[in-house]
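Visitor: First the structure, then my questions, so here it is.
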């Protein structure tokens, strides 16, 4: 896919003036870091979608993502519920992603696989495989309406800083950054697509273009593809770092998976 | 870019048949059928550039206690993971059932109990 | 008309013979390169007892992609002459690779002849909703739908 720079009338000079990308400050004062969107300005991706897609998301009976939720509910009841009771299930998804002291960022998907291998004692599920999407859809659905709370010191972690750098760094043949679209151009259009603020709260989401449910990991790789830059592998830790940064950035927006997107 | 191979029809549920929980006699209601199916048109290519074989649902039959509600005879253009909704009137309690078959011969079915107060 | 297109339309008509009238002679009526240049369909159809009748096709006139377009087909039973039923509801998308998009037979239990679903459209085109009545009459309602983007894939 080719993004038409000229047609955007988008000025990088103006952009650099607002939020210079580049390396994170080595010792950032956590309290001073401002989020791109204040709480009152946060808007879910749904509000940028066509009315019929919004209607499909609002009504579970019309939302094809609910088929994945059904399958995940069954799978969870069979393999996982003995350790996670009904009350706990409602909160699991809202607690992730999370930074661990010495390891990589734990996302919902990696945690499900950790329980799958260490506790259910079976082979882990490939990323984007049907059972993994079913479980993550079910847990995200169970946590619908919950709000993610970032760890208090998250902005001083290396993972967050890597995530922010990846978000603001200009790259690719088109000299874009994630921020150029999702911080600067939300509400405008690239070709025929309205650009949202780029939050992850709707994922896993049913995308019409995918003809199925996909994870945030896949959505982010799709955006890299659109930037005409090297698309990270599914397992690249930068995608988890970005998920952490995005979750901090959208803190306060209720979870709304499985969302319906174009 | 290629995804790890995933099964399109995992074991377990692959459809929803949605009706209201409890109905009054004479009440009009929506019955909605949602099926997980790729509705592969035969005009798409996979990552290797190979044409994906066509496989669309060829027939869907919805019945109430064996009596025909509707029969989809040509469903070529239904979107992937299609949803179909129709209006019915509750006359008596009974079983609403859907059966479908795709081009590759896969069949699916689902049913839901209708409970009509006093019926 | 290229023979492949013609074959597709003949095939479509063979699948659903009751649509011969709506398709016109060899489907000529509904085939053209640009939606605005469609020949006057009404003339063709009037000869075959096609009426605007009580059918409505509710579909967005502008959509971003054709992969899933919501439609509601509704044939109004109040507009029927007595003793006549609505037997089938259908959709023709002349520029789809398979022009017969939908053909659904209605049983007696449906309380209204209404069908709500999502369809694929391969191009901007005039989408034709049809209802077949038990006396052979066709009701039709067509809507010109413009696709603003292609159903392109994003590489993931």
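The values are calculated or read from the model by the stated rules, or taken from the named source; none is laboratory data. Please read these numbers as outputs of a predicted model, since none were measured by experiment. In this analysis, Cβ positions are derived from the backbone assuming ideal geometry, glycine residues included, and neighbour counts consider all displayed protein chains.
Visitor: When only residues in segment B:54-68 that are more than 7 Å from chain C (Cβ to nearest Cβ) and buried (at least 17 other Cβ atoms within 10 Å of the Cβ) count, which is nearest to the chain's Cα centre (by Cα)?
Guide: Restricting to residues being more than 7 Å from chain C (Cβ to nearest Cβ) and buried (at least 17 other Cβ atoms within 10 Å of the Cβ), the top hit is B:60.
Visitor: Is it the case that segment B:44-53 has a residue that's within 7 Å of chain C (Cβ to nearest Cβ), over 12 Å from the mean Cα position of the chain (by Cα) and surrounded by fewer than 20 Cβ atoms within 10 Å (Cβ to Cβ)?
Guide: No: segment B:44-53 contains no residue that is within 7 Å of chain C (Cβ to nearest Cβ), over 12 Å from the mean Cα position of the chain (by Cα) and surrounded by fewer than 20 Cβ atoms within 10 Å (Cβ to Cβ).
Visitor: Please state which one of C:102, C:115, C:121, C:89 is part of a loop (DSSP other than H, G, I, E, B), touching a strand residue (DSSP E or B) at 6+ places or on another chain (Cβ under 8 Å), within 11 Å of chain B (Cβ to nearest Cβ) and at pLDDT 90 or above.
Guide: C:121
Visitor: Please work out if residue A:200 is at pLDDT 95 or above and assigned to a loop (DSSP other than H, G, I, E, B).
Guide: Considered against the rule, which asks whether it is at pLDDT 95 or above and assigned to a loop (DSSP other than H, G, I, E, B), residue A:200 comes out as yes.
Visitor: Still on this structure, I have one more. Quickly run through segment B:69-97 and pick out the residues that are more than 7 Å from chain C (Cβ to nearest Cβ) and either out of contact with any strand residue (DSSP E or B) (no Cβ under 9 Å at 6 or more places or on another chain) or part of a strand (DSSP E or B) (or both).
Guide: Selection gives B:94, B:95, B:96, B:97.
Visitor: Exactly one condition in (1) over 15 Å from the mean Cα position of the chain (by Cα); (2) assigned to a helix (DSSP H, G or I); (3) more than 14 Å from chain B (Cβ to nearest Cβ); (4) within 17 Å of residue A:260 (Cβ to Cβ) is false for residue A:140; which is it?
Guide: (1)
Visitor: Condition check: away from chain A (no Cβ under 14 Å), surrounded by fewer than 17 Cβ atoms within 10 Å (Cβ to Cβ), within 30 Å of residue B:41 (Cα to Cα) and touching a strand residue (DSSP E or B) at 6+ places or on another chain (Cβ under 7 Å). Does residue B:111 satisfy that?
Guide: Criteria met by residue B:111.
Visitor: Something else about it: Residues A:89, A:56, A:71: which one is at pLDDT below 95, at negative phi, in a helix (DSSP H, G or I) and in contact with a strand residue (DSSP E or B) (Cβ under 8 Å, 6 or more places away or on another chain)?
Guide: A:56
Visitor: Still on this structure, please answer the following. Is it true that some residue in segment A:101-118 is farther than 30 Å from residue C:58 by Cβ, modelled with pLDDT of 95 or more and part of a loop (DSSP other than H, G, I, E, B)?
Guide: Checked against the condition, which is being farther than 30 Å from residue C:58 by Cβ, modelled with pLDDT of 95 or more and part of a loop (DSSP other than H, G, I, E, B), segment A:101-118 yields at least one hit.
Visitor: Right, residue B:42: assigned to a loop (DSSP other than H, G, I, E, B) and over 20 Å from residue C:102 (Cα atoms) or not?
Guide: Criteria not met by residue B:42.
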